[in-house]
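Quick notes on the structure that follows.
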Amino acid sequence: MTAYRAIFISDVHLGTRGCRADLLVGFLGKHQCETLYLVGDILDGWRLQRGWHWPSSHNTVIQCILEKARQGTRVVFIPGNHDEVMRRFPGIHFGGIEVRDHDEFISAKGMRYFVTHGDQFDTVIVNAKWLAYFGDRAYSALIWLNPKINSVRGLWSRKYWSLSKWAKHQVKQAVNFIGKFEETLSEDARQRGYDGVICGHIHHAAIRQIGDIHYVNTGDWVESCTAIVEDDNGDLRLIDWESRNNRLRLLEKRQKRRKRADTKTTVNQ
């Protein structure tokens, strides 16, 4: 069990077929922290309104989070646009989980971060919500195609590949949107007097300096399976859990092969 001062995750989208709940359960089971931030879109109310999809692994994610709260972890839930219904309950505690519209996080180094989901800085969400709903359906279609493509790739032992992530990187307008989002959010944090900002929303994990603002994006648990962690020194790091999990699985396979080889050698002797 690896311990951190704080862990930040967002955009889990429980209730969708694209949610990588099993990987998140594995991550939560191997990490503990003093404070766990749920930075929005943990539940996908948009998708659940269109049809119910809730496998047991999604229940397990909720149970893991509640168990951490019971064991003394401070759990802060900052709703996003997909679970915006929870914005009606700022300051309320549900099973030890505190709901906040946004929060201030002070690192061990004394740096002050503005923590927000970030959809308030998305011009599409703010000015044309119908277009956001349309885009969400198109995105869901890409996510639906992902496992079918990866099942074929698996025949050649290829690693998981995200069609939706690839599509976004091919579209120049999407790249421009990400850059604009990061700059707008960083400027808002600067005007509020913060040293940095921690957000989610755009499913694009990043830690970088934008002027004098430390910009941090948690990524997601649909495409990239990433989290931000803070160690005892106050350093923020990005964990790519899917890549790390793939390396661990590969290492386990190699160890099993070596054991089988050693067993055969012993028998032959």
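For segment 44-120, the list of chymotrypsin sites (Phe, Trp or Tyr not before Pro) that fall in a loop by DSSP and count at most 16 other C-beta atoms within 10 angstrom reads W52.
Here r is the Cβ-Cβ distance between R50 and K180 and R0 is 30 Å; the resulting FRET efficiency, rounded to 0.05, is 0.55. Taking each of K30/K259; K68/K109; K68/K256 in turn, the alpha-carbon distance tops 31 angstrom for K68/K256.
Taking trypsin sites (Lys or Arg not before Pro) across segment 9-116, the ones in a DSSP loop with at most 13 further Cβ atoms lying within 10 angstrom of their Cβ are K109. Ellipsoid semi-axes for segment 1-97, based on the Cα gyration tensor and the rule √(5λ), read 21, 17, 11 Å when sorted largest first.
Every number in this text was worked out from the coordinates using simple rules, so none of it is lab data. Computed from a predicted structure; not experimentally measured. As a convention, Cβ positions derive from the backbone with ideal geometry for all residues, glycine included, and neighbour counts pool all protein chains shown.
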